[in-house]
Amino acid sequence: MQGNCGETTLRRWFFPALVLGSLWGLSEVVLNDAVVAWGLPMRAGLLAGVGMLLMGGAAGLTGAALSPLLMAGTALLMKQMAVPILHVSVLCKMNSCIAVVLQASFVGLLLRSIGLRRVGRLRAGAVGASAGLGSALVFWHIGLRVEPCTYLLSFQRPGGLVAFLGTEGVVWAVAGALLLPAGLALGRRLRVPLGELELERPALWRRAGAGVILASWVATAIAIAFSGAS
């Protein structure tokens, strides 16, 4: 019985969250580099928005409120591939890793405390906004102590916290309010058809998911190597 329970857990939420977490890690690296290369505005907002969309999708698809935490762990490991590939310090990507973990923690814990089944579009928007603003607030205090980069230090002045929340926190909150509900609704809509596919063609389900994971990790490693060589 315990083996069946473990197998069900692995199949129903762990594996899908790992797939979506791999896509999150890929987006954190590739989208970040693309935004910098193209000079697009609101880089943090775009990255936070993609993360919120994927976290909502995972929660809706798996029915597991804490699935964003597994996703964040996966994304963190992918971002830290820069350490062995580029031979840089772990601290080089630490602030962006902290942001990812904080956003996932706020989303997961808020969904868990409310009860995922009770979270509709309006509540999901409130969760996304709260997670964005709350994670920005905590990030301000942690980031300045762990890796006080030039950008964060520019806000280390009287009224700096308010300025940071107005610059970053509001953007993260808006991204969460808009895209977490969209991801949650999409995940819930796909839950039945993907669940049927999983039951009817389990081998295809596993191979497709494993292919997405492998492709995401390989593409991320290539992107990191390319950014270091350029």
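The values are calculated or read from the model by the stated rules, or taken from the named source; none is laboratory data. Owing to the predicted nature of the structure, the values given are computational and were not obtained by experimental measurement. Note that we place each Cβ from the backbone using ideal geometry, even for glycine, and neighbour counts take in every protein chain shown.
Data overview
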quantity	calculated
Checking Ala75 against (1) farther than 22 Å from Trp140 by Cα; (2) among the aliphatic types (A, V, I, L, M); (3) part of a helix (DSSP H, G or I); (4) touching a Phe, Trp or Tyr at 6+ places or on another chain (Cβ under 6 Å), the condition it does not meet	(1)
Lone qualifier among Arg201, Arg207, Arg191 - being touching a Gly at 6+ places or on another chain (Cβ under 8 Å) and of a type in the set (Lys, Arg)	Arg191
Where Met81 falls short, out of the listed (1) surrounded by 19 or more Cβ atoms within 10 Å (Cβ to Cβ); (2) at pLDDT 95 or above; (3) aliphatic (A, V, I, L, M)	(1)
Any hit, the stretch 9-23, residues being among the basic types (Lys, Arg), modelled with pLDDT under 95 and more than 19 Å from Gly209 (Cα to Cα)	no
Criterion: assigned to a helix (DSSP H, G or I), β-branched (Val, Ile, Thr), surrounded by 15 or more Cβ atoms within 10 Å (Cβ to Cβ) and touching a Gly at 6+ places or on another chain (Cβ under 6 Å) - qualifying residue of Val107, Val171	Val171
Scope the stretch 189-215; condition assigned to a helix (DSSP H, G or I), among the charged types (D, E, K, R) and over 14 Å from Ala17 (Cα atoms); matching residues	Arg189, Glu196, Glu198, Glu200, Arg207
Set Arg117, Arg121: member being touching a Gly at 6+ places or on another chain (Cβ under 9 Å) and surrounded by fewer than 18 Cβ atoms within 10 Å (Cβ to Cβ)	Arg117
Inter-residue pairs, beta-carbon under 6 Å, first under 15 Å from Gly176 (Cβ atoms) and in the stretch 52-70, second buried (at least 22 other Cβ atoms within 10 Å of the Cβ) and hydroxyl-bearing (Ser, Thr, Tyr), 6+ apart	Ala58/Ser67; Ala59/Ser67
Flag if Ala163 is in contact (Cβ under 8 Å) with a residue 12 or more places away in the chain and outside any loop (DSSP other than H, G, I, E, B)	no
Count of residues meeting criterion [of a type in the set (A, V, I, L, M, F, W, C), within 17 Å of Ala177 (Cβ to Cβ), out of contact with any Phe, Trp or Tyr (no Cβ under 7 Å at 6 or more places or on another chain) and in a helix (DSSP H, G or I)] in the stretch 110-151	9
Which listed residue, of Leu184, Leu152, Leu197, is surrounded by 15 or more Cβ atoms within 10 Å (Cβ to Cβ) and within 21 Å of Thr62 (Cα to Cα)	Leu184
Out of Gly143, Gly132, sole residue that is surrounded by 17 or more Cβ atoms within 10 Å (Cβ to Cβ), out of contact with any Pro (no Cβ under 7 Å at 6 or more places or on another chain), within 28 Å of Val212 (Cβ to Cβ) and of a type outside the set (Lys, Arg)	Gly132
Pairs with Cβ under 9 Å, 6+ apart, first in the stretch 209-227 and in contact (Cβ under 8 Å) with a residue 24 or more places away in the chain, second of a type in the set (A, V, I, L, M, F, W, C) and not in a helix (DSSP H, G or I)	Trp217/Met81; Thr220/Met81; Ala221/Met81; Ile224/Met81
